[in-house]
2 protein chains.
Amino acid sequence: MQFELTKEFIENLNVLVDNKDANKVLEHVEGLHAVDIAEILDEQSTEEAKAFYFLLPDELGADALIELDEDVRERFLKEISSEDIAEKIIDNLDTDDAADLIGELSEEKQDEVISHIEDIEHASDIIDLLLYDEDTAGGLMAKELVKVKIDWDVATCIKEIKAQSEEVEKMYTVYVVDDNDILQGRISLKKLLLASDNKKVKDVYNDEVVLVKVDAEGEEVAQRMDKYDLVVIPVIDEIGRLLGRITIDDVVDFMREESDKDYQMASGISENVESSDSAWVLTRARLPWLLIGLFGGILGAQVIEAYEGQIKIHPEMAFFIPLIAAMAGNVGVQSSAIVVQGLANNSLGLDGIGKKLFKELLVGLINGAVLGTLIFAYNYFFAGDLTLSIIVSTALVSVIVFAAIFGTLVPLVLDKYKIDPALATGPFITTVNDVFGLFLYLFIGYLMYAT
Amino acid sequence: MQFELTKEFIENLNVLVDNKDANKVLEHVEGLHAVDIAEILDEQSTEEAKAFYFLLPDELGADALIELDEDVRERFLKEISSEDIAEKIIDNLDTDDAADLIGELSEEKQDEVISHIEDIEHASDIIDLLLYDEDTAGGLMAKELVKVKIDWDVATCIKEIKAQSEEVEKMYTVYVVDDNDILQGRISLKKLLLASDNKKVKDVYNDEVVLVKVDAEGEEVAQRMDKYDLVVIPVIDEIGRLLGRITIDDVVDFMREESDKDYQMASGISENVESSDSAWVLTRARLPWLLIGLFGGILGAQVIEAYEGQIKIHPEMAFFIPLIAAMAGNVGVQSSAIVVQGLANNSLGLDGIGKKLFKELLVGLINGAVLGTLIFAYNYFFAGDLTLSIIVSTALVSVIVFAAIFGTLVPLVLDKYKIDPALATGPFITTVNDVFGLFLYLFIGYLMYAT
């Protein structure tokens, strides 16, 4: 029942497509969902994909395109004429998907495509949506929804809903508005189904409705839908008029993208890449952070160079350079990750910044005490060098405490100034902590050996 | 409209609770959702929370408990008698939430609570659900659903749905079964609402339904619902009987937990912790990975010690120890992160393992070439030391290529043997790559200086 794509499946399909045998092709993909078709298009060459696409029913093809990765879709749409995009694709999409897809085209092609949309209302809805920033409620919403007037009775509602619902593929909630289209509340299909025909909407509707303003950030929309376990959320303008609705599937995609982005930032990847992207795309996404690391490494080299004389006399100091640098990096990443995740999930609690730093100090001291004792014991018993033991463990504790506090502080400060706190994770925090940790270690060594 | 919790709000509430003034308390929290109440309970002391909880309407209180963090809820439930848990909480929860909550109690208390549930059917549904592993479809599903028989007509359906729907808070889809309860398909409320009363179910239902088996992993459920943009998915047993349904809100929570877990693993945090947890909990989650790092650091120290004589003669070799170690770590984390994310999102594509490793080799070579050239130029022009320049850049390129391939291979192998590939991210991969990179660097130096 669950479709599993194989190389064989695609090879067989390509043969059928090459033969231009539409019936056989449709038989081959029978029962597949749009998202399965997208997986196939993704694995085909652009030529094959185009030939296959033009054999599909328009609606299935359009839905499949929406499920494609943005870069694959972009490459594909370059091959399709504006007229075909308007008539085969846009006409078969909901306004939100249509606007997203048109937004990805060049300015010139956008105008061409829009001029070819036959349904004027559909076109004007799409133009409206194109005005909103992609990552706001306006950019996420669709215009398709079912609404009823607050002074109607249930029978009128059901008649009106029948008329409206042809346009709306998935209907979860019916919105209740007044004569000026101001949102008043909602009424579930279940309630309508169970209410008697002559009841008035105003007697059965629910006036408590969680909503978002059209200019709300996508993050806020996601958090609110997640918090209140909503499947759909209405979007209103400044004066409360109902503009559209956002469904959970779009928000789940948004959430996944956001958490993927945070994860990639923490791992030193600067663009949204996938294992299946080309070596060149993968390199481009990875090189920037590695350059930061290289720069940090050069700084580290200069710090050590400053203590070259000392290392000549005490080469054993060099043994623990990687340990100190690694621990500084690890602790910093841990601390910043906890803050970044807390900010993303809105779960930082009510404690002020001072209390948070104090807690990190405590965590750093406990971790430092445990690890410092262990490394002291190792050095003392295995190397039998008391001075070195003291230097390494003192430096380790200091570095851990510093890295913990620094790792907590930086993302909090970035967030305060509206900069993405995830920037503070991964290679950046590692590099800064590495260099500072090295300096601290060598300086403590210098002080100890000088006395 | 959106509730923002403040310290003041809680202080005022606590005064009202202390006065045992139920009406004033309810007035203070009027219009708040269960999840807002949960936020309040989370910020109160256990004593205050308990006093506040017993002033709330049972249903609101029960729903709020479900929204609490597991550890807070556990602490809270210890203070509540088994009888109160059964009558005030379990009776007001859906079976899936009820089973989750009971599952968190001690064996002994579980039996006590279950014996106090008055509704026998509710109790037996919960006992059924307790049998399933928490992270499977069975553990995620609820027993509450609305189903109709395939040979009924629409009018009978609507009558039956009215009767069944009292139990089911959120009704998205009506399932269609045969006389043996075998799932045949589904029918949307919209379709029922629009169909005429004398139509038969078998003429209007949809026989294509994406479903999961009861023993499917939670991950599979999440991927399927996400892939097909589902709000609810039915769960069947081995012979196709309809057992329950899973709603998107539970799956969104599950997905968030999974991606949080991966993120934490990559950041070296071994338990699910939040910034608001105690310093002790935070330490416990962080120490294990730091111990691995410490162990790696000691190994690194031994590697360097083996080359002590060489560092005494060429202390400049020590300068680039942190650079080599850091770059090995960074590249390894990048590579493993891309694989882990690809596995989590099921987006690795159809390429075999050999092709993936070859691509990593390519990425490693390009990155290595760029970074190796830069560090060569730096060393040659600023330090004027040709031998060192060659050693550092050769080592850097080798280390980057090795780390890229190793970072790709390890999570793929772990996944093959059904071990969580996220284990291969963060401090583990960093530590292994650090130590190996050091060895490579010093060994190349040894060879160069020996010739």
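What are the residues in segment B:276-303 that are within 7 Å of chain A (Cβ to nearest Cβ), in contact with a Ser or Thr (Cβ under 9 Å, 6 or more places away or on another chain) and either among the hydrophobic types (A, V, I, L, M, F, W, C) or under 25 Å from A:Leu357 (Cα atoms) (or both), if any? Show your work before the answer.
Step one: list which residues in segment B:276-303 are within 7 Å of chain A (Cβ to nearest Cβ), which gives B:276, B:279, B:282-283, B:286-287, B:289-290, B:293-294, B:296-298, B:300-301.
Of the ones still in play, those that are also in contact with a Ser or Thr (Cβ under 9 Å, 6 or more places away or on another chain) are B:276, B:282, B:286-287, B:289, B:293, B:296-297, B:300.
Listed by number, the residues that qualify are B:Ser276, B:Leu282, B:Arg286, B:Leu287, B:Trp289, B:Gly293.
For segment B:208-232, the set of residues classified as away from chain A (no Cβ under 12 Å), in contact with a Leu (Cβ under 7 Å, 6 or more places away or on another chain) and either aromatic (Phe, Trp, Tyr) or not in a loop (DSSP other than H, G, I, E, B) (or both) consists of B:Gly218 only.
Name every residue in segment B:307-320 that is aliphatic (A, V, I, L, M), out of contact with any Gly (no Cβ under 8 Å at 6 or more places or on another chain) and in contact (Cβ under 8 Å) with a residue 40 or more places away in the chain, in order of residue number.
Listed by number, the list holds a single entry, B:Ile313.
At least 3 residues being within 14 Å of chain A (Cβ to nearest Cβ) is the threshold, and among the helices (runs of 4 or more DSSP H) wholly inside segment B:27-88 those reaching it are B:34-43, B:58-67, B:70-77.
Which residues, counting only those in segment A:374-387, are touching a helix residue (DSSP H, G or I) at 6+ places or on another chain (Cβ under 8 Å) and part of a helix (DSSP H, G or I)?
Going through segment A:374-387, the residues touching a helix residue (DSSP H, G or I) at 6+ places or on another chain (Cβ under 8 Å) turn out to be A:374-376, A:378-380, A:383, A:385-387.
Passing the criteria: A:Leu374, A:Ile375, A:Phe376, A:Tyr378, A:Asn379, A:Tyr380, A:Ala383, A:Leu386, A:Thr387.
Looking only at helices (runs of 4 or more DSSP H) that lie completely in segment A:129-207, which have at least 3 residues being surrounded by 15 or more Cβ atoms within 10 Å (Cβ to Cβ), over 35 Å from the mean Cα position of the chain (by Cα) and not hydroxyl-bearing (Ser, Thr, Tyr)? Walk me through it before giving the result.
On the way: elements: A:137-140, A:154-164, A:189-194, A:201-204.
Per the criteria, A:154-164, A:189-194, A:201-204.
In segment A:216-232, the residue that is surrounded by the fewest Cβ atoms within 10 Å (Cβ to Cβ) out of those that are touching a residue at least 60 places away in the same chain (Cβ under 8 Å) and β-branched (Val, Ile, Thr) is A:Val232.
Yes/no per residue for (1) in contact with a helix residue (DSSP H, G or I) (Cβ under 8 Å, 6 or more places away or on another chain); (2) more than 12 Å from every other protein chain (Cβ to nearest Cβ); (3) assigned to a helix (DSSP H, G or I); (4) of a type in the set (Val, Ile, Thr):
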residue: A:Gly372; (1), (2), (3), (4): yes, no, yes, no
residue: A:Ser389; (1), (2), (3), (4): yes, yes, yes, no
residue: A:Ile405; (1), (2), (3), (4): yes, yes, yes, yes
residue: A:Ala422; (1), (2), (3), (4): yes, no, yes, no
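Can you report the number of residues in segment B:30-65 which are surrounded by 19 or more Cβ atoms within 10 Å (Cβ to Cβ) and β-branched (Val, Ile, Thr)? The qualifying residues number 2. Taking segment A:331-368 as the range and being under 12 Å from B:Leu287 (Cα atoms) and either of a type in the set (Asp, Glu) or free of Cβ contacts under 8 Å to residues at least 40 places away in the same chain (or both) as the test, the residues that pass are A:Leu365, A:Ile366, A:Asn367, A:Gly368.
Scanning segment B:252-300 for residues that are aliphatic (A, V, I, L, M) and out of contact with any Asp or Glu (no Cβ under 9 Å at 6 or more places or on another chain) yields a count of 9. Among the conditions (1) surrounded by fewer than 16 Cβ atoms within 10 Å (Cβ to Cβ); (2) under 30 Å from B:Met141 (Cβ atoms); (3) of a type in the set (S, T, N, Q), B:Asn19 misses just one, which is (2).
Okay, residues lined up against (1) in the same structural domain as A:Val209 (by TED's automatic domain parsing); (2) over 27 Å from B:Val340 (Cα atoms); (3) of a type in the set (A, V, I, L, M, F, W, C):
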site	(1), (2), (3)
A:Asp237	yes, yes, no
A:Arg241	yes, yes, no
A:Asp253	no, no, no
A:Ile269	no, no, yes
A:Leu291	no, no, yes
A:Gln302	no, yes, no
A:Tyr307	no, yes, no
A:Ile313	no, yes, yes
A:Met317	no, yes, yes
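Among the listed residues A:Gln341, A:Gln334, which satisfies the condition of being in the same structural domain as A:Ala422 (by TED's automatic domain parsing) and touching a Lys or Arg at 6+ places or on another chain (Cβ under 7 Å)?
A:Gln334
All conditions in (1) at pLDDT below 90; (2) under 30 Å from A:Gly309 (Cβ atoms) hold for B:Leu348, with the sole exception of (2).
The values are calculated or read from the model by the stated rules, or taken from the named source; none is laboratory data. Everything quoted here is computed from the prediction, not taken from an experiment. Cβ: placed from backbone, ideal geometry, glycine included. Neighbour counts: every protein chain shown.
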